[in-house]
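Structure first, then comments.
Since every read-out is calculated from the coordinates, none of them should be taken as a lab result. As the structure is a computational prediction, the values presented were derived from the model and not from experiment. Cβ placement follows ideal geometry from the backbone for every residue including glycine, while neighbour counts extend to all protein chains displayed.
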């Protein structure tokens with residue numbers, strides 16, 4: 001933000017002028033109204049539809065001067081001072097800050113601040129996230145909204161633009177989130193009112209929808225696909241299945257991250273388009289058990305060095321594998337087995353791990369921690385309840401109900417030869433009586 005000598009906001013708000021003002025108006029009773037309320041007049045800077053600021057003269061009612069709940073003049077003056085505290089600006093800096101928090105800054109300038117600040121810190125967020133947000137800001141968001149002030153952008157306009165520009169629900173969700181983060185950044189720098197909800201966050205996206213149907217291979221289909229894969233693709237996919245790790249995390253493994261003694265791998269980095277960086281989030285830094293894969297990793301570890309990648313390119317030793325080759329191999333194997341579907345890939349096996357881990361007795365919290373999710377809601381998005389699992393749970397309920405029904409079934413009375421209830425069935429057991437009746 002650039003401040004001129006006369007109190008002009010140059011760069012961010014497009015050169016708006018601000019006024020240094022300290023108001024201390026007289027409080028008077030207004031006798032033409034019921035209760036003779038204490039009132040005073042003051043100047044207020046109002047945001048106009050075009051984003052500019054216009055100064056208006058206004059009245060403010062403090063409280064009654066007579067009757068029930070009446071205030072003394074001294075009390076009314078105290079209330080006046082409380083009210084005007086947010087309007088008074090004794091210095092140029094305070095005047096600038098008052099105007100800035102109304103959202104007069106240009107969205108494009110705040111977005112560039114966000115890019116140079118938050119997105120520019122390589123050690124703060126991962127490169128894939130930086131690249132994605134920079135792409136959407138440069139190609140879509142700034143060209144559309146950059147010339148408008150923060151307070152000019154309306155939720156309905158953002159909503160309509162999202163629905164007409166993007167086909168994917170997830171793309172709309174991501175772009176809306178980026179715009180909201182720009183407003184949050186503005187709030188942190190005094191350019192948006194603290195705690196005020198930003199317009200993009202109010203845009204409605206509609207019911208969540210997916211580009212491809214969410215599904216996973218069955219245990220049998222997975223076994224057949226694995227049987228067709230060759231090394232190292234087979235071990236990579238088996239690691240995704242066993243640990244729930246992302247493909248970028250598996251390809252980022254170095255031998256120093258593998259502990260063959262305890263049977264674990266440590267997620268400390270990931271590979272994205274051959275760029276080696278930090279994991280997706282702090283929760284993604286985790287240690288995962290590889291179970292029966294220890295022997296496979298052990299046989300592969302011979303003659304390696306701690307800083308060598310576990311899965312390397314044949315034509316470029318020392319460089320990690322590309323994930324595209326793994327995806328192609330999975331599709332090829334699935335097509336041959338007749339179980340390929342749109343969206344099938346290494347990430348499908350991560351989804352399978354999260355689903356199966358809970359099916360075999362793991363809790364949702366355990367599945368979430370192992371997957372590296374920051375909350376259970378995301379784990380719920382990954383979890384699929386297959387028809388086989390549904391039937392298994394349904395039969396358990398039906399079995400329990402049948403057992404209780406059998407135990408609690410009422411005992412029906414015996415039938416006589418004529419089909420009527422036998423009275424003897426209702427009588428207690430009686431011993432025979434000998435002798436004759438006189």
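Tabulated data for the structure shown
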{"read-out": "Label-point separation in nm, residue 201 to residue 347, each point 7 Å along Cα→Cβ", "value": "2.6 nm"}
{"read-out": "The stretch 273-288 and the stretch 101-166: distance between their alpha carbon centers, rounded to Å", "value": "26 Å"}
{"read-out": "Contour excess over end-to-end distance, with Cα ends at residue 302 and residue 369 and 0.36 nm allotted per residue", "value": "21.0 nm"}
{"read-out": "Likely footprinting exposure, 270, 80, 224, 121, fewest C-beta neighbours within 10 Å first", "value": "121, 224, 80, 270"}
{"read-out": "The stretch 222-303: relative contact order as a whole-number percent, Cα under 8 Å and 6+ apart", "value": "25 percent"}
{"read-out": "Packing rank of 23-33, 197-207, 350-360, where each peptide gets the mean count of other beta carbons within 10 Å, highest leading", "value": "350-360, 197-207, 23-33"}
{"read-out": "Full-stretch length increase - residue 231, residue 88 - with 0.36 nm per residue and alpha-carbon distance subtracted", "value": "44.3 nm"}
{"read-out": "Euclidean distance of C-alpha centroids, the stretch 237-262 and the stretch 299-368, integer Å", "value": "9 Å"}
{"read-out": "FRET E, pair residue 401, residue 331, Förster distance 45 Å, beta-carbon r, rounded to 0.05", "value": "0.55"}
